[in-house]
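The structure appears below as structure tokens.
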Amino acid sequence: MTNHARGKVSRQLTIFVANPVGCTASPTVQQSPKSRASETPSTPAIVSTSPLPVPSEVPATVGDTIQLSDQDGNLVEVTLLKVVKNAQNYDHSFGFQDPRKGHIYVGVKLRLTAVSGVYDDAPSNGAILIDRDDQSYDASISDALEPALGSPRIREGGSRAGWITFEVPKGVGLATFQYTPSSGFADETGEWDL
């Protein structure tokens, strides 16, 4: 079973040189945007079996793109386009469309681009907002902003953009947005500071 990050992420990196019987790689969190990745010069590999601190890099923020792999090995580029606090509900036709008393909607707009293979997912299942007190919030069933991202099936080279809605307590300080492909079951998670 894959561990799924639901809180503050430890910023450690374990380097595996060989894969002894019974030893597998653990899920990873991508925190540096693809657009800011720097080329590493050719140097001998560092061999270690203990956790090493990740070099301080610029964390991904709104507007940055992170490339992730789904459970089938398909690559998807995820761009956090916009975050809207106190998003207004576009459709009041259903009673559950309004946030609960003392809560607001937060809209997160993403663009997903299939880099390799067909990307078929329900992105809201793998999306999490984390506040400054390390509390996590799953996506809401309500779509406060249109167009909702929905459950796109994107062929290689194609992309889709849309909103995922969250319901959070009023006054909460948002810290991080995390996205894990394959409805939250992939081994890679993208993380953006808000």
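Summary of computed values
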{"quantity": "Every residue from the range 169-186 that is farther than 18 Å from Asp64 by Cα and buried (at least 20 other Cβ atoms within 10 Å of the Cβ)", "calculated": "Ser182, Gly184, Ala186"}
{"quantity": "Hits in the range 155-171 (condition: among the aliphatic types (A, V, I, L, M) and touching a Leu at 6+ places or on another chain (Cβ under 6 Å))", "calculated": "Ile164"}
{"quantity": "Hits in the range 126-139 (condition: under 16 Å from Val83 (Cβ atoms) and either among the hydrophobic types (A, V, I, L, M, F, W, C) or crowded, with 21+ Cβ neighbours inside 10 Å (or both))", "calculated": "Ala127, Ile128, Leu129, Ile130, Ala139"}
{"quantity": "Selection status of Lys109, among the basic types (Lys, Arg) and either without any contact (Cβ under 8 Å) to a residue 12 or more places away in the chain or touching a helix residue (DSSP H, G or I) at 6+ places or on another chain (Cβ under 7 Å) (or both)", "calculated": "no"}
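Throughout, read-outs are computed from the coordinates displayed, never taken from laboratory work. Keep in mind the model is a prediction, meaning the values are calculated, not measured. Don't worry about glycine lacking a Cβ; one is built from the backbone with ideal geometry, like all the others, and counts go over all protein chains shown.
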